[in-house]
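Please treat every number below as a calculation from the coordinates, not as lab data. The structure displayed is predicted, hence computed values, not measured ones. Neighbour counts run over all protein chains shown; Cβ positions are idealised from the backbone, glycine included.
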Protein chains: 2
Amino acid sequence: MNNIGKPLFILKMKILFQNMITVFGTVALDTTRTPFKTGTRIMGGAATYASLSSSIFVDTSLVGIVGSDFPSEYMDILDNRVDTKGIIVKQDGKTFHYDSSFDYDFAHRISNKTELNVIADFEPVIPTEYINSEYIYLANNDPIQNMKILEYFSNPKLTVCDTIEYWILNKREDVVKMMSKVDGVVINDEEARLLCKTTNLIKCAKLIMSWGPLFTIVKKGEHGSLLINGDTVFPAPAYPMEEIVDPTGAGDSFAGGFMGYVAKQNNTDINTMKEAVIYGNVMGAFAVEDFGVQKLLSITKEDVQNRYQMYRNMVKF
Amino acid sequence: MNNIGKPLFILKMKILFQNMITVFGTVALDTTRTPFKTGTRIMGGAATYASLSSSIFVDTSLVGIVGSDFPSEYMDILDNRVDTKGIIVKQDGKTFHYDSSFDYDFAHRISNKTELNVIADFEPVIPTEYINSEYIYLANNDPIQNMKILEYFSNPKLTVCDTIEYWILNKREDVVKMMSKVDGVVINDEEARLLCKTTNLIKCAKLIMSWGPLFTIVKKGEHGSLLINGDTVFPAPAYPMEEIVDPTGAGDSFAGGFMGYVAKQNNTDINTMKEAVIYGNVMGAFAVEDFGVQKLLSITKEDVQNRYQMYRNMVKF
C-alpha cells in the first residue's frame, strides 16, 4: 500500500492492468465417479473451481498449465469468466488428470489415479500485467512452485494458500515454509490434522499461525468452517444440503468465495473476513449441487446474495 | 394445556407439586479411561448428566434405579441438585456399570464392558407427585421402559427422547414406536444414521419426524448440532474447545440444557427452541471441561449466562 518512491509508470500500470485476484494452481481434467453418474475427463482442478468462484465477486486471473488435450470448449468457458492469459498450453504435454470415486454417502473420496503430466516440472511464470494483483490465492500446488509465484507480486494486500495431503506427506518442510510466507491459510480438517500432528482444530490453527500466517481457516465439509485470527475464533456451520450431486471442488469454491468477497470489499478487517467465510460456505454449497463446475457456471450474483441472506436468516437466534 | 373438565383437586395438585422437568434414564457408575486419567466407578449415566444440566435452569426430578453399591455421597450430590424421590435403590442389586476408554484425540470411545445390572428388568414407576411434570426427558433407556414412563404423565407440554446404538440394534421397532409418542427427538449423528439407514442428517431428521415428532435435534459433538422443526433448519456450531478432559455426558448435558431452557421459558415456539439449542451447546461444552460430572457441579447460572453471551458474540457476523 506504500507507493512512495515507486516510479510513476508502475503506478499507472497498476491502474491500467489491475487484476483484483490472481489464482494459481491446477487446471485439470477430472474423471469423477459417483454411484449415480460418471464424468470422464471433465473440467476440474483446484484453481479452476477457486477462480470460477471468485469471478462471481471480482475480476480474476488464472495462472496454470494444461496440455494440448485440454478441450478448446473448456478454455472458452474459462475465457468467458476469468482472465486466462496466465494459462500456458504445453503442446507436447498432457493435462493433469485426476480419477476418483465417491460412494453412496459422498463422505469419502477414493483416488483411483493421479497423473501429474504437465504439472510435474512446471516452472511457473505470470504475465507481467498480473504483478500488481492485490489478492493472491495459491491453490493446492507444489509449495515450491507456490513460493516462486509469490515472488512475482509487487505489493499484494492479501496472500492465501491451501495445501493437500500429497504435499504434506512429500514436502512437509516446504509446506511449512510456504505457509510462513502468506497472510492466511485455508486448509481442510483432515489435512490440518495431518500437517500439525494433532487432532484439535484450534490447536492446529494456532500451530499454523505460529509459522507466520495471521489467520487460518479450517474447512470441515458438511460441518462448515472455523476461522482463527488472533484471539478471534469464528465457527460457521455449513449451509445444510439435503441433496449432494458431486462434492468435488467444494473446498476450492469456498476459498474462491472467501477471496472474492474480501477483494470486492477491498478490506481485510475481521468483520469482513467473517462475512467472507459465510460467502465461502455459500459458494461451497453451490458447488456440490451439480456435477463438476456446472453449478458455478449457472449461478448469478443474485443467487449468491439470496443464499447468503437465507444463510443469515437460518443461523439467527 | 386444556384443563376443562378436570376435577379441581388435580388442578390444585398441579400447583402444589409441579416439577418443572422429569428426567428418566440411567443413573450409573462409570469407569472412564483417558490417556491422562482413569476414573473408577465414578458417578455417571445419561439421566445424571441431563438432570444435573437441566437443574441449572429449573427444578428437576430424576427417575431411575441404582443398586446398594451406589455410594451415599453420590446420592447426596444428586440430592443437593435434583429431586431424587424417583430414584429406587434396589438393595439386592448392583448399579448399572459402564467401562469405556478414550484415545488421545477423544474422537472415539471404546466400550470395554457394559453391565446392565439393576437396569435389566427395571419396571419403571414414578412418585405420584411427578405426574404433573410438564417437561419430560427420556434419556437413553430401553424404549419400552420409556413408553411405560410416558403413560404416567397427565398432560405434559413437551416430551423428548434420545436413544443409543444398543436399542437401535436390538429393538429398532420399539425405538420407532417410542419416537412416534414424543414431541421431539434428540439423537447423535452416528445413531441417527444407524437408525435411519441414510447418511444425510437432514434426511434422517425428516424420516424421524415422519414417525410423529414435531422436531429432531441431531447432536454432532465437536461440530455442534442441527435442529429440524417443520421447514426450519437451524445449524449451530459447537462452542469451540481447545482442551477436552472427558467427553462423557456431553450429549446428555446438551439435552438437559435444551430442556432446561425451554422449561424455564415455559414456551415451545421456534425462537425459544433455537435459543435452547445454544444453551444445550453451552452445557455440552462445560461438561467436557472436567472429569465426569465435576464441571456441571461447579458452574453457576452466571457462568452459563456468560458463556451463552460469549457464544452469541463469537458466531455474530
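Bridgeable lysines around A:K113 (alpha carbons under 30 Å apart, same-chain partners fewer than 8 residues away excluded): A:K37, A:K85, A:K90, A:K94, A:K148, A:K171, A:K177, A:K197, A:K219, A:K220, A:K295. Helices assigned as whole DSSP H runs in chain A whose Cα atoms extend at least 24 Å along their own long axis and whose mean Kyte-Doolittle hydropathy is -0.5 or higher are found at A:270-287.
The residues packed around A:F254, meaning those with a beta-carbon under 13 Å from its beta-carbon, carry a net charge of -2 if Lys and Arg are +1 and Asp and Glu are -1. Over chain A, one equal point on each Cα, no solvent: what is log10 I(q)/I(0) by the Debye formula at q = 0.14 Å⁻¹? Once normalised to I(0) and log-transformed, intensities are -1.07. Each eigenvalue of the Cα gyration tensor of the protein assembly as shown, multiplied by 5 and square-rooted, gives one semi-axis; in descending order these are 53, 23, 23 Å.
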